[in-house]
1. Going through region 284-319 one residue at a time, which ones are open to solvent by less than 20 Å² (accessible area, probe 1.4 Å) and part of a loop (DSSP other than H, G, I, E, B)?
2. Sort out which residues of region 372-412 are part of a loop (DSSP other than H, G, I, E, B), within 18 Å of Leu166 (Cβ to Cβ) and not charged (D, E, K, R), and write them in order of number.
3. Select from region 151-182 the residues that are in a loop (DSSP other than H, G, I, E, B) and either under 25 Å from Arg113 (Cα atoms) or in contact with a Gly (Cβ under 6 Å, 6 or more places away or on another chain) (or both) and list them in ascending order.
4. For the subset of region 364-397 comprising residues that are farther than 25 Å from Thr101 by Cα and among the aliphatic types (A, V, I, L, M), which member is surrounded by the most Cβ atoms within 10 Å (Cβ to Cβ)?
5. Could you check, for region 476-486, whether at least one of its residues is at pLDDT 95 or above and charged (D, E, K, R)?
6. Select from region 320-346 the residues that are over 20 Å from the mean Cα position of the chain (by Cα) and of a type in the set (Gly, Ala, Ser) and write down the one among them that is most open to solvent (accessible area, probe 1.4 Å).
7. If you go through region 171-185 one residue at a time, do you hit one that is among the aromatic types (Phe, Trp, Tyr), under 30 Å from Phe381 (Cβ atoms) and crowded, with 18+ Cβ neighbours inside 10 Å?
Amino acid sequence: MPATETKAKTKTILTPLNRVEGDLEIRVELEDDRVVDAWSAGVMYRGFENLLRGRGALDGLVLTPRVCGICGTAHLQAAARALEAIMGVRPPANAIRVRNTALAVEHLQSDMRHAFLMFVADFVNPAYRDRPLYEEAARRYAPFRGETVIETIRETRSVVEVVAILGGQWPHSSYMVPGGITTLPNMSDICQCRYLLDRYRAWYEKRILGCSIDRWREVRSAGDLDAWLDESPAHRDGEVGFFVRFARDIGLDRIGRGHDAYIGFDGLPIPEGSAVRGRRENVPFLLPGGFATGTEVTPLDQARISEHVAHSWFEDYEGGRHPFEGETKPYATGAEGRKYSWVKAPRYGNRPAETGPLAEAVLAGVPLVRDLLRPSGPNAFVRQLARMTRPAELLPAVGRWIDEIDPGERYYTASPHPEEGEGLGAVEASRGALGHWLRIERGRIARYQMITPTAWNGSPRDSADLRGPWEEALVGTPVRDTENPVELGHVIRSFDACQVCSVHAFRGGRSFPRRKV
């Protein structure tokens, strides 16, 4: 047993839990080998908000893509949109198609890398050595040598070349500017992008789905999913089919519920004249935003967003503050107890909400996801399934947008340099809702606040002591072996944690007992 009190009640510290960027500590309290309380701590300080103050009005375009090496395109687009809101300028349709293509391709590579390099690595944990599908899982997902792992590295490396062609480099490109883009793709560039996308789609349909995207989109209910599995060996043996069978066998559909509340920003605007249509009629976004409790969706009012710091290592203020009024003043004595994370606690109407592919599917009205949520709300299984099948929503639209790019049309609308004003740049990043709140005074950045997807999902408690989404999702999780608590990893990784984007100092010299998950 890690931290020992009694068999019925014990505490354990887990770190690190991430396999990608940043450090995350999870502390849970167990009773009768089941989680009864949880605390999530981001242990690195980011500080980009303070780094930006006093700089030139456009500097966010260069600096914020460096917040994260995985979703730099999303930060770049958020920075550009915040400036456009201040300047009152809208990019031409041609530029929107290029921006959409690059951002969606970032999602395409991130979804598969998380699924097959991060999440299913837990399927080959020794805890499952006696399960009937274990040997097959090891053949597919053994880190660095599994068949699917190797293919995923190769194919995602290839498709992300689309962003490099359109943006000059990836990651950390800076080709989006207020009013459009600075690169001018020619017909050869467009043909290269189309070839790379078609190759990726063929791999995704054959290896991941085991069927065409059109056939997969006919799966609209839990019953349809079972029938689809039985329909063909290709369906059962494809990666989605294998995931469904393994995940059900180990009970991922019974853990990770959370608050059953979702938030998303309007993502991937449909350009004027485009043939692309979203699932929600008369909504000009492929990924419509909103707030949902269960599957009841309401329009999003960004004025209701606030950040709490009651349990975060920042100078206190009363309740929550809207990001335009937000402060990022680090304050940590190292012995406070109540404060335990460098992540702030974003709330919508003072309520915690999760974001990401599952939230996008709820807000867009994807029938299969809504049907899977009806019996008992969200869980680690449906959260991960939504991520693995998001490319089926994105790939057809991206193909059309590439075809619609016209090298002879404009990519940029000129506008005056911003001197004064406030603007919000809101986008759907690979992990969900990302917002940049910017204030410019006398031509310089007076205030810059960012709320990242992992800040929503991995937030600590707020002023009302409400747990953050994945803290709440951990409650009720059974832990069969406290020396190997793999179940906790399933729950946290179903949110695709990316701490580097969320935290606002590494603190060494810990004396807590730890287990690496």
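1. Answer for region 284-319, where residues must be open to solvent by less than 20 Å² (accessible area, probe 1.4 Å) and part of a loop (DSSP other than H, G, I, E, B): Pro288, Gly289, Gly294, Val309, Ala310, His311, Trp313.
2. Ile405, Pro407, Gly408, Tyr411, listed by residue number.
3. From region 151-182, those in a loop (DSSP other than H, G, I, E, B) are 160, 168-175, 178-179, 182; that's our starting set.
Of everything in region 151-182, those that are in a loop (DSSP other than H, G, I, E, B) and either under 25 Å from Arg113 (Cα atoms) or in contact with a Gly (Cβ under 6 Å, 6 or more places away or on another chain) (or both) turn out to be Val160, Gly168, Gln169, Trp170, Pro171, His172, Ser173, Ser174, Tyr175.
4. Ala380
5. No, region 476-486 contains no residue that is at pLDDT 95 or above and charged (D, E, K, R).
6. Ala335
7. Scanning region 171-185 turns up no residue that is among the aromatic types (Phe, Trp, Tyr), under 30 Å from Phe381 (Cβ atoms) and crowded, with 18+ Cβ neighbours inside 10 Å.
Results for (1) among the β-branched types (Val, Ile, Thr); (2) within 15 Å of the chain's Cα centre (by Cα); (3) farther than 21 Å from Thr73 by Cα, shown as yes or no for each residue.
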| site | (1), (2), (3) |
| --- | --- |
| Tyr348 | no, no, yes |
| Ala361 | no, yes, yes |
| Leu395 | no, no, no |
| Trp401 | no, no, no |
| Glu409 | no, no, yes |
| Ser415 | no, no, yes |
| Gly425 | no, no, no |
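The values are calculated or read from the model by the stated rules, or taken from the named source; none is laboratory data. If you're wondering where the values come from, they're calculated on a predicted model, not measured in any experiment. Cβ coordinates were reconstructed from backbone atoms using ideal geometry, including for glycine residues, and neighbour counts include every protein chain displayed. Just the protein is used for accessible areas: all its heavy atoms, side chains included, with ligands, DNA and RNA removed. Shrake-Rupley method; radii C 1.70, N 1.55, O 1.52, S 1.80 Å.
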